[in-house]
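The values are calculated or read from the model by the stated rules, or taken from the named source; none is laboratory data. What you are looking at is a predicted structure, and each value in this text was computed from that prediction instead of being measured. Heads up, the Cβs are rebuilt from the backbone with ideal geometry, glycines too, and the neighbour counts pull from every protein chain shown.
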Amino acid sequence: MSECPEIIAGGAVVARRGPEVLLVHRPKYDDWSFPKGKVDPGEHVTAAAVREVAEETGLHVRLGPPLTSQHYTVRNGQTRDKRVDYWAGRVVGSDDVSTYRTNAEIDRVTWAGVDKAEQLLTYERDQETLAEAAPHLKKSHPLVVLRHAKARPRKKWKKDDRERPLNEVGLLQSEQLVPVLGAYGVRRVLSSSSRRCWMTVAPYADVARLDLQVTRDLSEEDASPKSVARHIRRLLERPEPAALCTHRPVLPHVYDALGVADPKLEPGAMLVVHHRSGQIIAIEEHQPVVPAD
């Protein structure tokens, strides 16, 4: 094992109809691989994956189901361990790569059928990732379940608890959520009507120019298993990426409606549920970039 810190990177196996997957060629190494790159300081790995795809191919994508991370050693002046987190991905907008301006890092970008891609890929680890991604190349949709960001202490708030806002850490967490929700291409945002919940997702709704929908049905005071299940059912029926933000005491109702185990989310953390035709096909959990404590 290397004594240097592990390099963390993010990437995606991006698919389009065919199915075809997106590959890049690096002249420095003369290899074919998937678009990927290192996480910047303070950046969430999901945001890094989407950013790197855009930088290396010119395409905007959203993330789908997670794939197994790759672990290997790199030698570039010093020996370091590297972890690359991968997701299946879908293009948002045009999938034309013909206008991509090649450079010293990436000199070729191409779409290839799965069989052709397997032949082109230089590394066995990428071939294994492609095989794992194959069942996820068909489009699915993410539902991001959020526990609201860190709020002001309940004991120190003397007014209506529904109006209790985020504290400074919570505000930072809400800002950091913007690129993460963007990485999943969220197009619908539903929140408890309590201030600490809608404040958590408001920055993303503003940036994405979305209507922020709030409801007492998800509030700590008014939620019921039946009302929560109704909202979950509606979100699963919609073929679009969505996010739902609520409270710790309400989350068990959400998990029951989804039929998933309770991950005990920390403030500002999320569970991403990937679904297709109303059926859950994958789940993943992410901690906030800014810790709650």
Of everything in segment 103-121 that's surrounded by 12 or more Cβ atoms within 10 Å (Cβ to Cβ) and over 27 Å from the mean Cα position of the chain (by Cα), which residue is nearest to Pro35 (Cα to Cα)? Asp107
Within segment 11-54, restricting to residues that are part of a loop (DSSP other than H, G, I, E, B) and small (Gly, Ala, Ser), the one that is modelled with the lowest pLDDT is Gly18
What is the residue count in segment 153-177 for residues that are under 18 Å from His286 (Cα atoms), among the hydrophobic types (A, V, I, L, M, F, W, C) and surrounded by 19 or more Cβ atoms within 10 Å (Cβ to Cβ)? 1
Would you mind stating whether Leu67 is surrounded by 14 or more Cβ atoms within 10 Å (Cβ to Cβ), of a type in the set (A, V, I, L, M) and either over 26 Å from Gln176 (Cα atoms) or over 19 Å from the mean Cα position of the chain (by Cα) (or both)? no
Give just the number: which of (1) touching a Ser or Thr at 6+ places or on another chain (Cβ under 6 Å); (2) over 14 Å from Met270 (Cα atoms); (3) not in a helix (DSSP H, G or I) does Asp126 not satisfy? (3)
Would a scan of segment 235-250 turn up a residue that is in a loop (DSSP other than H, G, I, E, B), surrounded by fewer than 20 Cβ atoms within 10 Å (Cβ to Cβ), among the acidic types (Asp, Glu) and not assigned by TED's automatic domain parsing to the domain that holds Gly170? no
Which residues, taken from segment 122-150, are within 24 Å of the chain's Cα centre (by Cα), charged (D, E, K, R), closer than 19 Å to Ser69 by Cβ and surrounded by fewer than 22 Cβ atoms within 10 Å (Cβ to Cβ)? Arg125, Glu128, Glu132
Out of the residues in segment 185-218 meeting the condition of being assigned to a loop (DSSP other than H, G, I, E, B) and small (Gly, Ala, Ser), tell me which one is farthest from Val290 (Cα to Cα). Ser193
Ile283 passes all but one of the listed conditions (1) surrounded by 13 or more Cβ atoms within 10 Å (Cβ to Cβ); (2) in contact (Cβ under 8 Å) with a residue 60 or more places away in the chain; (3) closer than 27 Å to Tyr86 by Cβ; (4) out of contact with any Gly (no Cβ under 7 Å at 6 or more places or on another chain); the exception is number (2)
